[in-house]
1. Applying the selection to segment 194-219, what residues are closer than 19 Å to GLU276 by Cβ and either within 16 Å of the ligand (Cβ to nearest atom) or not hydrophobic (A, V, I, L, M, F, W, C) (or both)?
2. Every residue in segment 233-275 that is touching a His at 6+ places or on another chain (Cβ under 9 Å), crowded, with 19+ Cβ neighbours inside 10 Å and more than 23 Å from ALA187 (Cβ to Cβ), please.
3. Suppose we filter THR428, THR393, THR401 for residues that are away from the ligand (no atom under 16 Å from the Cβ), out of contact with any Leu (no Cβ under 9 Å at 6 or more places or on another chain), at pLDDT 95 or above and among the hydroxyl-bearing types (Ser, Thr, Tyr); which single one remains?
4. Check segment 111-119 and report whether any residue there is closer than 23 Å to GLU493 by Cβ, surrounded by fewer than 19 Cβ atoms within 10 Å (Cβ to Cβ) and either within 16 Å of the ligand (Cβ to nearest atom) or of a type outside the set (A, V, I, L, M) (or both).
5. Given the criteria under 16 Å from the mean Cα position of the chain (by Cα), in contact (Cβ under 8 Å) with a residue 12 or more places away in the chain and more than 13 Å from the ligand (Cβ to nearest atom), does LEU446 qualify?
6. Could you check, for segment 301-309, whether at least one of its residues is surrounded by fewer than 20 Cβ atoms within 10 Å (Cβ to Cβ), under 18 Å from the mean Cα position of the chain (by Cα) and more than 16 Å from the ligand (Cβ to nearest atom)?
7. How do the pairs read when you match residues in segment 188-216 that are free of Cβ contacts under 8 Å to residues at least 24 places away in the same chain with residues anywhere that are among the basic types (Lys, Arg) and more than 16 Å from the ligand (Cβ to nearest atom), using Cβ under 7 Å and keeping only pairs 6 or more apart or on different chains?
8. From the set of residues in segment 230-250 that are acidic (Asp, Glu) and away from the ligand (no atom under 16 Å from the Cβ), which is farthest from ASP272 (Cα to Cα)?
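The values are calculated or read from the model by the stated rules, or taken from the named source; none is laboratory data. Quick caveat: nothing in here was measured; it's all calculated off a predicted structure. Methodologically, a virtual Cβ is constructed for each residue, glycine included, from the backbone with ideal geometry; neighbour enumeration extends over all protein chains shown.
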Amino acid sequence: MKNTNFLLLSILAILIFSTNSCQNSTSEKPKTQTSAPPLDKKWWKEAVVYQIYPRSFQDSDGDGIGDLKGIISRLDYIKSLGVDAVWLNPIYASPNADNGYDISDYQAIMRDFGTMDDFNNLLKGMHDRGIKLVMDLVANHCSDEHEWFKQSRSSRDNPYRDYFHWWPAEKGKPTPRFSFFDVESDAWQFDKKTNAYYLHIFAEKQPDLNWENPKVREEIYKMMRFWLDKGVDGFRMDAFQYICKDTTWPVFPPGYEKDIIKWYGNGPHLHDHIQEMNREVLSKYDIMTVAEGAGTSPADAMKWVDPDRHELNMAYHFEGMDMGQVAGKFKVPDPAGLDLVKMKQIYTRWSDGFAERGWVSMYLASHDQPRMLTRWGNDSPEFRDVSSKMLNTFILSMRGTPYCYYGDEIGMSNIKFDKIEYYQDIETINQYKKAKAAGEDLQEFLKNQKIMARDNGRTPFQWDATPTAGFSTGKSWLKTNPNCATTNAAAQENDPNSPLNYFRKMIRLRKENEVLIYGKYTLLDAANPDVYSYSRELNGRKLLVLLNFKAKTASANTGLDLSKAKILIGNYALPSKNGELKPYESVIFEL
Ligand code: ISL
């Protein structure tokens with residue numbers, strides 16, 4: 001017995017010793033080679049999010065504006081995609097200066113969209129199908145028609161005065177602040193009634209709330225609890241990096257607006273506010289929280305999403321979106337086209353920044369962007385389908401929660417308006433006025449907006465080939481893309497090779513292969529100007545993703561042996577087996 005004990009103790013000692021020496025030798029290796037930390041699994045890391053712009057998804061009453069009943073009627077379609085959560089752009093009461101991002105009552109539904117009963121039915125319909133609902137939380141600003149602002153502007157001693165940022169005119173002009181949507185880019189609006197300026201970093205009708213006032217924060221928390229107690233599953237937090245202002249109003253250096261996130265995105269009490277919100281509200285529910293933007297670098301964003309800091313779950317960055325535009329100009333596409341090497345650097349930096357802690361989002365489009373197909377793929381009839389599948393392969397095979405924008409699953413593309421009159425977006429309309437006042441070339445402006453304007457991504461969903469695309473029986477609020485004749489969900493439904501069915505297949509692949517969710521991401525062949533290649537590795541499994549971003553054949557030079565590799569998915573009927581890729585070809589191999 002004694003001998004056995006001695007033997008066991010010796011084995012134990014050897015094991016401990018060898019484990020320690022292993023650890024020592026591992027710690028001497030470069031950081032990237034250390035074994036992965038245990039997976040911190042969460043539903044929101046595994047979820048595929050589908051973004052719906054409610055105004056444009058489905059109209060149920062013929063007024064040409066999408067509504068909640070319309071979305072309800074399409075829930076089976078949404079379910080059929082395989083997505084886990086829906087992020088709905090704002091559906092709250094709003095005079096619609098910025099399509100619902102100007103809220104006049106946070107606890108009421110916009111009349112165009114329906115009623116609170118419709119909302120309750122929508123939420124139930126989603127939950128019955130196992131789909132979560134994430135709401136847009138727009139709390140950097142509200143509408144000038146919100147009761148808080150009406151009160152606030154009515155007199156200097158109104159109890160709501162400090163709900164907003166005011167500057168008394170007798171002190172002269174306030175320190176300049178840039179406004180994104182103002183025709184003169186001036187964020188201070190003079191208000192005659194009380195002889196003072198109020199701050200609006202978006203449109204004049206979107207006054208900024210004063211987050212330094214604890215009463216404002218408590219109102220917002222109360223409103224959040226109202227929705228969470230109804231059962232909503234999370235929030236996408238609009239313009240959240242801008243909520244906290246330095247109210248000593250320091251002077252920013254000339255040209256600061258070209259680096260706006262740096263100057264607006266890091267208010268002195270920003271993280272105190274988010275931590276307070278987490279303590280007061282978020283920590284009490286099992287929800288998903290995502291910040292729209294979180295600074296200019298992964299290190300900035302980590303402050304929001306490091307689990308030890310108790311703030312939010314994830315953020316999404318703008319570096320990918322800002323790519324391909326001429327710096328310092330309003331939405332001028334870079335004539336040099338897509339710089340894939342730069343794109344790879346950006347997405348790799350943002351993936352690597354969260355390899356061990358925190359989490360990030362993955363997206364190529366939203367309601368604030370043009371269609372991804374036109375911008376990053378190719379919307380010509382020849383390459384439309386294949387490049388749309390390639391881009392969805394990218395979104396759904398990267399590390400980070402994927403956000404898929406409505407219509408991208410069928411390959412919707414930019415509408416490319418010829419006339420300013422067709423635009424509905426306040427941003428484009430006001431920037432046009434600004435360009436006109438400055439005597440700029442308006443034809444050039446319109447040409448650039450065909451590629452870049454937000455309305456390109458907001459046209460009605462193309463359900464079928466009829467002139468209104470099955471979106472509405474009336475005249476739609478924004479023109480429907482005439483290419484619905486060929487690009488529409490009905491036509492794609494029964495075609496096994498359609499972008500729509502590929503999208504479903506790609507989501508299934510992600511769900512059935514944990515390696516695509518949690519696996520380590522490694523960029524390969526970084527200098528290749530045409531092909532984006534990376535591996536995903538987990539628990540001994542290794543997948544290789546090859547994406548040709550160009551309209552020509554191109555080779556991936558990963559140095560990996562593909563002779564025994566198994567193809568898991570490809571966007572051509574006969575996928576490449578050796579890394580020689582056809583135009584816009586994408587293939588995922590298991591090595
Ligand atoms: O859309 C943009 C550029 O075209 C962004 O600068 C955008 O204004 C910024 O990311 C904040 O966006 C959010 O708040 C805006 C609203 O218009 C956007 O739709 C929303 O996503 C103001 O509420």
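1. Hits for segment 194-219 are ASP208, LEU209, ASN210, TRP211, GLU212, ASN213, PRO214, LYS215, ARG217, GLU218, GLU219.
2. Answer for segment 233-275, where residues must be touching a His at 6+ places or on another chain (Cβ under 9 Å), crowded, with 19+ Cβ neighbours inside 10 Å and more than 23 Å from ALA187 (Cβ to Cβ): just ASP233.
3. That would be THR401, the only listed residue that is away from the ligand (no atom under 16 Å from the Cβ), out of contact with any Leu (no Cβ under 9 Å at 6 or more places or on another chain), at pLDDT 95 or above and among the hydroxyl-bearing types (Ser, Thr, Tyr).
4. No: segment 111-119 contains no residue that is closer than 23 Å to GLU493 by Cβ, surrounded by fewer than 19 Cβ atoms within 10 Å (Cβ to Cβ) and either within 16 Å of the ligand (Cβ to nearest atom) or of a type outside the set (A, V, I, L, M) (or both).
5. Details: under 16 Å from the mean Cα position of the chain (by Cα): no; in contact (Cβ under 8 Å) with a residue 12 or more places away in the chain: yes; more than 13 Å from the ligand (Cβ to nearest atom): yes.
So LEU446 does not fit the description; no.
6. yes
7. Within 7 Å, no pair qualifies.
8. The qualifying residue farthest from ASP272 (Cα to Cα) is ASP233.
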